[in-house]
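Student: Below is one structure. I have some questions about it.
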Amino acid sequence: MQLVLEKRAERSSAIALISPLIAIGLTLATMSILFAMLGKNPISALGVYFIAPFVDSYSLQEIAVKATPLVMIAIGLSLCYLANAWNIGAEGQFLIGAVAGSWLAVKTQGTDAGPWVFPAMLLLGAVGGALYGLIPAICKVRFGASEILTSLMLVYVADLLLDYLVRGPWRDPKGFNFPTTAEFDPVATVPVLIEGGRLHLGGVIALVVVAAGAVLLARTIKGFEIRVVGAAPRAARFGGFNSNQLILLAFAISGALAGMAGIIEVAGPVGHLQPGISPGYGFTAIIVAFLGRLNPIGILFAGLFLALTFIGGEQAQITMKIPLDVTKVFQGILLFFVLACDSLILYRFKLVFASPKVSRGAH
Amino acid sequence: MPDSTPAVQHTGATPLLQTVGLTKRYGTLLANDAVSIDIWPQQIHALLGENGAGKSTLVKTIYGLIQPSEGEMRWQGEQMVLSGPSDARARGIGMVFQHFSLFDNLTVAENVALGLDGKESFKDMSARLEEVSRVYGLPLNPKREVWQLSVGERQRIEIVRALMQNPKFLILDEPTAVLTPQEADQLFIVLDRLKAEGCAILYISHKLAEVKRLCDTATILRDGKKVSTCNPKAETAASLARMMVGGEIRRVKAAADRQTNVARLVVNDLTLAPDDLHGVRLQHISFELRGGEILGIAGVAGNGQDELFAALSGERLAQDPGAVVIDGRAAGHLSITQRRKLGAAFVPEERLGHAAAPRMRLSENALLTGHAASGMVQHGFVNTAAMLKTVDRTTEAFDVRKASRDPEAASLSGGNLQKFIVGREILRSPAVLVVSQPTWGVDAGAGAVIRQALLDLAASGAAVLVTSQDLDELTEITDRIAVMFHGHLSEPMATVDASREKLGLLMGGSTLEQKEAAHAAGA
């Protein structure tokens with residue numbers, strides 16, 4: 001008796017919908033084993049991770065706050081991945097967006113600049129992220145450099161630039177030498193939606209981005225071009241679509257969204273520029289993009305789910321002394337299963353009884 | 001199963017190879033349905049059938065690449081279970097594939113060595129390679145790199161590689177598809193000689209004249225089932241075709257008189273360097289194609305046809321705008337989208353991945369070439385209703401069979417997808433249609449529909465350029481034929497004057513050499 005993978009006659013759209021759920025199921029099973037090996041009760045550990053955050057309003061708001069950057073970045077990444085351009089550097093674009101927007105906040109600090117400051121910061125963040133995203137794209141288009149390597153390496157450049165700025169020129173003079181800018185003025189911060197709560201305007205912006213992404217991909221010729229370039233590059237050239245232009249466009253949009261997420265994060269939940277503003281949003285968003293099947297609506301749900309793991313991870317650390325790094329293990333295992341389950345869309349498992357040896361297909 | 005006994009006497013009491021009720025199932029699809037055939041020594045046995053009839057599956061099973069779902073094979077009367085191709089080779093079964101498995105950057109000898117389960121030294125093997133190629137009249141230089149060789153020479157490598165294993169049984173999958181008529185004749189001499197030496201040959205083809213001439217026995221497959229085993233010499237081409245198709249094939253008819261006055265596609269001294277290392281340079285190509293006319297371009301694959309298609313379509317741009325003129329306007333510098341707006345339409349050879357995105361719906365594939373000049377795009381937004389309407393119109397006009405209204409392109413059969421792709425372009429009423437291998441790998445019925453559509457399009461005043469390796473097809477539908485060889489295009493000649501011999505010589509490049517010699521002598 002053997003278990004073989006057999007190619008389906010047609011791709012299964014049912015599996016395409018449920019494969020992320022299968023992946024989540026397998027991830028939970030694997031995590032239970034891991035928790036048991038750490039000497040924790042798997043049931044209560046999973047309870048802390050996935051149930052506890054839903055019981056109080058603070059955690060619920062916090063999920064939305066954490067999902068905001070994840071969803072915004074992942075929508076941009078999905079455009080890149082659909083176009084077969086592998087932007088791994090959203091984290092760097094996020095940081096540069098934060099830096100670019102913060103520049104205005106630092107410059108207008110203490111002046112009586114009007115309410116135009118925050119919208120201008122958003123714009124600066126988007127432009128900064130887009131320009132930073134264009135660097136690996138131009139290197140790819142112009143010189144054939146692998147965007148995977150260049151975009152990833154630029155993350156560390158961005159990280160060090162931010163570090164330099166908050167330790168040097170932008171350091172808060174009254175900040176006891178801590179590497180941080182001064183708290184942003186009220187006109188330079190994201191408006192909060194509920195008085196005294198954590199939920200802010202960024203959540204609304206993320207929803208607008210989801211809607212725009214859905215329309216772009218399903219209803220516009222540009223969205224179609226992006227999809228064809230990734231799915232069938234030769235057919236795209238035959239269709240008259242310029243793949244280089246589309247790669248630049250995808251990276252620019254992706255960088256802009258990551259940059260905007262960066263400045264929202266700094267001008268919102270954090271309130272000032274400092275190192276460590278991101279717990280790896282740019283990398284986790286890669287998982288969000290794939291878990292959401294590179295579909296904007298799917299990404300919205302996937303973003304909320306992964307935000308849950310951040311909150312759950314914090315609570316598990318506090319209440320069960322489970323190290324915070326386990327959250328990253330969890331996210332890694334999830335990505336692994338998501339990619340593995342995707343093969344079920346085109347293949348299916350089949351049990352073969354008492355059959356001759358399987359074809360080797362070698363020639 | 002009705003099985004007329006072959007009229008030829010067999011040597012020996014048991015067949016060399018028998019398949020008994022061989023069945024191969026892929027999910028619900030029966031690729032082979034209880035196929036039983038007998039292969040005798042000293043016989044050339046033809047395997048006939050349309051694309052998708054199950055010929056490839058059957059020979060891959062015999063060669064050990066595929067395990068049968070049911071049934072068995074017997075080798076010299078004994079049951080045979082193959083664990084893989086090396087097992088088949090060890091018994092003396094050799095195979096020459098339609099698509100060569102050669103490494104372009106390695107030499108002939110290195111390629112042969114890779115394909116042998118070699119125990120001998122490279123030097124001994126090279127010597128034996130030269131010996132075998134000399135004895136069988138298949139000249140090869142072991143030290144040459146494959147990318148420098150013609151398609152015919154590449155096939156020789158595959159044949160010699162098979163012969164070096166001293167096969168008792170040789171399978172050839174459409175070996176003449178890539179050969180000039182003269183090269184094919186040379187191949188037949190080799191096959192006759194192998195037969196005389198006692199080898200059994202299974203010969204896959206759908207060229208019926210060739211099969212009648214060469215083969216002793218023919219087995220016809222249709223929809224995975226064996227239809228008949230017969231003596232092809234006792235049949236007519238029409239009766240064989242009927243067995244393959246399971247009915248009559250529609251004959252295409254050209255309109256009585258056609259307007260051929262306005263030049264709609266003009267190519268002036270088009271020269272273009274290849275964009276990859278092993279590509280072909282287009283050399284001073286010039287021709288003029290008038291409305292109402294069909295010009296055929298013959299030639300062995302890899303002589304610059306793909307490069308010419310890319311230069312005409314605008315997938316590659318010419319330096320000189322005047323090198324390509326569409327309906328009176330210089331277009332050599334224009335993109336494919338701009339050329340479409342001038343009224344040109346294009347159908348490339350490769351259906352999946354070039355003409356169509358395989359995993360996208362037909363409506364999206366309609367948009368792929370229709371976005372430039374149709375109502376499918378308004379202010380950057382796509383009009384799904386207009387896309388679906390194009391699918392429906394194409395489906396109706398060209399009888400595209402599909403499971404749902406708007407399935408993925410990859411789910412259609414080759415013939416139906418080709419009808420969709422050709423139909424998608426023709427329904428835009430193009431002024432100029434450039435089409436490459438219009439019926440390649442398409443069943444006979446769909447092929448007839450497509451050829452008729454090309455004739456009708458020309459009759460309506462469009463200029464049609466058809467590149468094909470199928471000389472029968474070109475003879476059937478074109479008004480003039482030119483031949484491509486090494487990036488040069490011969491002077492087009494009237495199809496009525498284009499004999500197979502003349503075309504064959506041009507396809508082998510001989511006229512060109514004579515021309516050059518005359519030129520050199522005159523200079």
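Student: Inspect segment B:429-436 for any residue being free of Cβ contacts under 8 Å to residues at least 60 places away in the same chain and small (Gly, Ala, Ser) and give the result as yes or no.
Tutor: Within segment B:429-436 (the criterion being free of Cβ contacts under 8 Å to residues at least 60 places away in the same chain and small (Gly, Ala, Ser)), the answer is yes, since at least one residue qualifies.
Student: Given the conditions (1) over 22 Å from the mean Cα position of the chain (by Cα); (2) closer than 25 Å to residue B:497 by Cβ; (3) open to solvent by less than 40 Å² (accessible area, probe 1.4 Å), and given that residue B:286 satisfies all but one, which numbered condition is not satisfied?
Tutor: Residue B:286 satisfies all of (1) over 22 Å from the mean Cα position of the chain (by Cα); (2) closer than 25 Å to residue B:497 by Cβ; (3) open to solvent by less than 40 Å² (accessible area, probe 1.4 Å) except (3).
Student: Return the residue satisfying two criteria in turn: it lies in segment B:105-142 and is modelled with pLDDT under 85 and acidic (Asp, Glu), and of such residues it is surrounded by the fewest Cβ atoms within 10 Å (Cβ to Cβ).
Tutor: B:117
Student: While we're here: Give the residues of segment B:328-381 that are of a type in the set (Gly, Ala, Ser), more than 8 Å from chain A (Cβ to nearest Cβ), surrounded by fewer than 23 Cβ atoms within 10 Å (Cβ to Cβ) and assigned to a loop (DSSP other than H, G, I, E, B), sorted by residue number.
Tutor: Scanning segment B:328-381 gives B:328, B:332, B:343, B:373, B:374, B:375.
Student: Please name all residue pairs, on different chains or six or more residues apart, with Cβ atoms under 9 Å, provided the first residue is in segment B:269-282 and is in the same structural domain as residue B:303 (by TED's automatic domain parsing) and the second residue is of a type in the set (Lys, Arg) and in a loop (DSSP other than H, G, I, E, B).
Tutor: B:271/B:281; B:272/B:281; B:272/B:316; B:273/B:281; B:274/B:281; B:275/B:316
Student: Might you let me know whether segment B:28-48 holds any residue that is within 25 Å of the chain's Cα centre (by Cα), away from chain A (no Cβ under 11 Å) and open to solvent by 20 Å² or more (accessible area, probe 1.4 Å)?
Tutor: For segment B:28-48, residues within 25 Å of the chain's Cα centre (by Cα), away from chain A (no Cβ under 11 Å) and open to solvent by 20 Å² or more (accessible area, probe 1.4 Å): present.
Student: Still on this structure, I have one more. In this structure, is residue B:397 facing chain A (nearest Cβ under 10 Å), part of a helix (DSSP H, G or I) and open to solvent by 30 Å² or more (accessible area, probe 1.4 Å)?
Tutor: no
Student: So which residues in segment A:48-70 are under 20 Å from residue A:27 (Cβ atoms) and at pLDDT 90 or above? Walk me through it before giving the result.
Tutor: The first filter runs over segment A:48-70 and keeps only residues under 20 Å from residue A:27 (Cβ atoms), leaving A:48-54, A:63, A:66-67, A:70.
Correct list: A:63, A:66, A:67, A:70.
Student: I'm told residue B:156 meets every condition in (1) within 29 Å of the chain's Cα centre (by Cα); (2) not in a helix (DSSP H, G or I) except one. Can you identify the failing condition by its number?
Tutor: Of (1) within 29 Å of the chain's Cα centre (by Cα); (2) not in a helix (DSSP H, G or I), only one is false for residue B:156: (2).
Student: Answer yes or no as to whether residue B:169 is within 21 Å of the chain's Cα centre (by Cα), more than 24 Å from residue B:209 (Cβ to Cβ) and either of a type outside the set (Gly, Ala, Ser) or not assigned by TED's automatic domain parsing to the domain that holds residue B:509 (or both).
Tutor: no
Student: Among helices (runs of 4 or more DSSP H) lying entirely in segment A:184-277, which contain 1 or more residues that are on the phi < 0 side of the Ramachandran plot and more than 14 Å from chain B (Cβ to nearest Cβ)? So that I can check it myself, show each step before the final result.
Tutor: Numbers: elements: A:201-219, A:221-231, A:233-239, A:243-265.
Those helices (runs of 4 or more DSSP H) span A:201-219, A:243-265.
Student: Are any residues in segment B:445-459 modelled with pLDDT under 90 and out of contact with any Gly (no Cβ under 9 Å at 6 or more places or on another chain), and if so, which ones?
Tutor: B:448
Student: Kindly provide the set of residues from segment B:64-86 that are within 14 Å of chain A (Cβ to nearest Cβ) and within 20 Å of residue B:217 (Cα to Cα), ordered by number.
Tutor: Hit for segment B:64-86 is B:73, nothing else.
Student: Continuing with the same structure: If you go through segment B:220-235, how many residues are open to solvent by 80 Å² or more (accessible area, probe 1.4 Å) and in a loop (DSSP other than H, G, I, E, B)?
Tutor: The qualifying residues number 1.
Student: Please determine, by comparing only the residues of segment B:220-242 that are among the β-branched types (Val, Ile, Thr) and touching a strand residue (DSSP E or B) at 6+ places or on another chain (Cβ under 9 Å), which one is nearest to residue B:210 (Cα to Cα).
Tutor: B:220
Student: So in segment B:300-327, with the set limited to residues that are within 10 Å of another protein chain (Cβ to nearest Cβ) and touching a Lys or Arg at 6+ places or on another chain (Cβ under 8 Å), which one is farthest from residue B:275 (Cα to Cα)?
Tutor: Checking each candidate, the answer is B:313.
Student: Can you name every residue in segment B:162-206 that is open to solvent by 20 Å² or more (accessible area, probe 1.4 Å), of a type in the set (Gly, Ala, Ser) and part of a helix (DSSP H, G or I)?
Tutor: B:177, B:196
Student: Return only the number of the condition from (1) of a type in the set (Val, Ile, Thr); (2) farther than 30 Å from residue B:298 by Cβ; (3) crowded, with 19+ Cβ neighbours inside 10 Å; (4) out of contact with any Pro (no Cβ under 9 Å at 6 or more places or on another chain) that residue B:217 does not satisfy.
Tutor: (4) is the only condition that residue B:217 fails.
Student: Here are B:413, B:429: which of them is within 14 Å of chain A (Cβ to nearest Cβ), surrounded by fewer than 19 Cβ atoms within 10 Å (Cβ to Cβ) and either out of contact with any Cys (no Cβ under 6 Å at 6 or more places or on another chain) or under 26 Å from residue B:467 (Cβ atoms) (or both)? Let's see the steps before the verdict.
Tutor: Values: B:429 fails: within 14 Å of chain A (Cβ to nearest Cβ).
Unique residue meeting the criteria: B:413.
Student: Applying the selection to segment A:321-333, what residues are in contact with a helix residue (DSSP H, G or I) (Cβ under 6 Å, 6 or more places away or on another chain) and modelled with pLDDT under 90?
Tutor: Looking only at segment A:321-333, we keep the residues that are in contact with a helix residue (DSSP H, G or I) (Cβ under 6 Å, 6 or more places away or on another chain), and these are A:322, A:324, A:327, A:330-331, A:333.
Listed by number, the residues that qualify are A:322, A:324, A:327, A:330, A:331.
Student: When both residues are 6+ apart or on different chains and their Cβ atoms are under 6 Å apart, which pairs have a first residue that lies in segment B:162-175 and is under 9 Å from residue B:205 (Cβ atoms), and a second that is at pLDDT 90 or above and aromatic (Phe, Trp, Tyr)?
Tutor: B:172/B:203
The values are calculated or read from the model by the stated rules, or taken from the named source; none is laboratory data. Note that this is a predicted model, so its numbers are computed, not measured. Neighbour counts run over all protein chains shown; Cβ positions are idealised from the backbone, glycine included. Only protein heavy atoms, including side chains, enter the accessible area calculation; ligands, DNA and RNA are left aside. Shrake-Rupley method; radii C 1.70, N 1.55, O 1.52, S 1.80 Å.
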